[in-house]
Amino acid sequence: MKLDSSISAVITGGASGLGAATARALAAHGVKVALFDLNEEKGEALAQELGGVFCNVNVTDDASVEAGFAKSREAIGQERILVNCAGTGNAIKTVSRNKETGEISHFPLDAFNLIIQINLVGTFRCIAKSAAGMASLDPIDGERGAIINTASVAAEDGQIGQASYSASKGGVVGMTLPIARDLAQEFIRVNTILPGIFDTPLLQGAPEKVKQALGAQVPNPSRLGSPEEYASLALEMCRNPYFNGEDVRLDGAIRMAPR
C-alpha cells in the first residue's frame, strides 16, 4: 500500500507510546490519522500537531468504538489502515500466600477479565468494525486495507504474574492468521507485532537505573526498544503487499526469564 494523503488511518492507543510514534510516522508520509484514546489532553494535542482527529474511545465499549469510527470517518474518510495499540496489563499471581498470615488468595477473576476485555476483545472489536468499513472500499492495487495488531513477547514467554496479560496477548497472536484468512477475499491484510521491552509511558516513570537494567537484558542491541522502531515495522507491514498473516517479534532477541 502506498502511504500518501489519499490514505486514512485509525490508531487505537494513539495518544502516547507506540501508537503516537506510529501516528507520527504515518502522518509524515501524508496519511490522515485518527487517534482513538481515553487521554483527551494528550490525544487532542497530538491530533492538532498532526492535523488529524482525536476520538475519545473506550475499546471495551461497543457504542464508544462505533462513535469513534463514525467521528473519524466523517473527518478523514474511511480508513484503509488500522493499528491496534490500545492495551494494558497487571501483575497478579494465580495464587498468592500472605507471608505474615499464611492466608492464600487467588487471582481476582474480575481483574483477569478486565485485561482480556481491553487487550483481546477490544482489539477484535476494532478489527471487526474497521474491516467492515474497509470492505466497502474499491481496491487500490489489489488492496482494500491493512490491519496491524500489538501483542507482546509475553504471548510466548510470559513472566510470573502475567497470566492475564499473556493470555490476552496470546489470544491476539492466535487470532491473527484466522482473521487474515477470513479477510483474504476482501483484500484486507492482517499482521501482529510482538514488542519486547520498549521505552513507553509504562516505563518512563521508572528510575534510570531500572531502565538500564532492563535494557541490559536484551542481547543485541542491549537497550530498550524505541517506539519509532515499532512504528518502522508497522509502516513496513502497511507498505509490503505480501506481508500477511504474520506474528513478528520485535525484541532484540530477548527471551523473558520467569521473573
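Where a number appears in this text, it was derived from the coordinates with a stated rule and is not lab data. All figures in this text were calculated on a predicted structure; none of them were measured in a lab. Neighbour counts run over all protein chains shown; Cβ positions are idealised from the backbone, glycine included.
Points to keep in mind about this one:
- Candidates in segment 183-221 are the residues that are over 22 Å from residue 170 (Cα atoms) and of a type in the set (S, T, N, Q); of these, the one that is surrounded by the most Cβ atoms within 10 Å (Cβ to Cβ) is 217.
- Single residue of segment 23-53 satisfying the filter (closer than 20 Å to residue 134 by Cα and touching a Phe, Trp or Tyr at 6+ places or on another chain (Cβ under 8 Å)) that is surrounded by the most Cβ atoms within 10 Å (Cβ to Cβ): 35
- Subset of segment 107-164 that is surrounded by 15 or more Cβ atoms within 10 Å (Cβ to Cβ) and charged (D, E, K, R) - its residue that is nearest to the chain's Cα centre (by Cα): 125
- Residue count for segment 6-15 under the criterion of being touching a Leu at 6+ places or on another chain (Cβ under 8 Å) and either surrounded by fewer than 23 Cβ atoms within 10 Å (Cβ to Cβ) or without any contact (Cβ under 8 Å) to a residue 40 or more places away in the chain (or both): the result is 1.
- Restricting segment 1-50 to residues that are touching a Cys at 6+ places or on another chain (Cβ under 7 Å) and in a loop (DSSP other than H, G, I, E, B) leaves a set whose member that is nearest to residue 88 (Cα to Cα) is 13.
- Scanning segment 125-142 for residues that are in a loop (DSSP other than H, G, I, E, B) and touching a residue at least 60 places away in the same chain (Cβ under 8 Å) turns up 141, 142.
- Restricting segment 54-85 to residues that are over 29 Å from residue 2 (Cβ atoms) and of a type outside the set (D, E, K, R), the residue that is surrounded by the fewest Cβ atoms within 10 Å (Cβ to Cβ): 63
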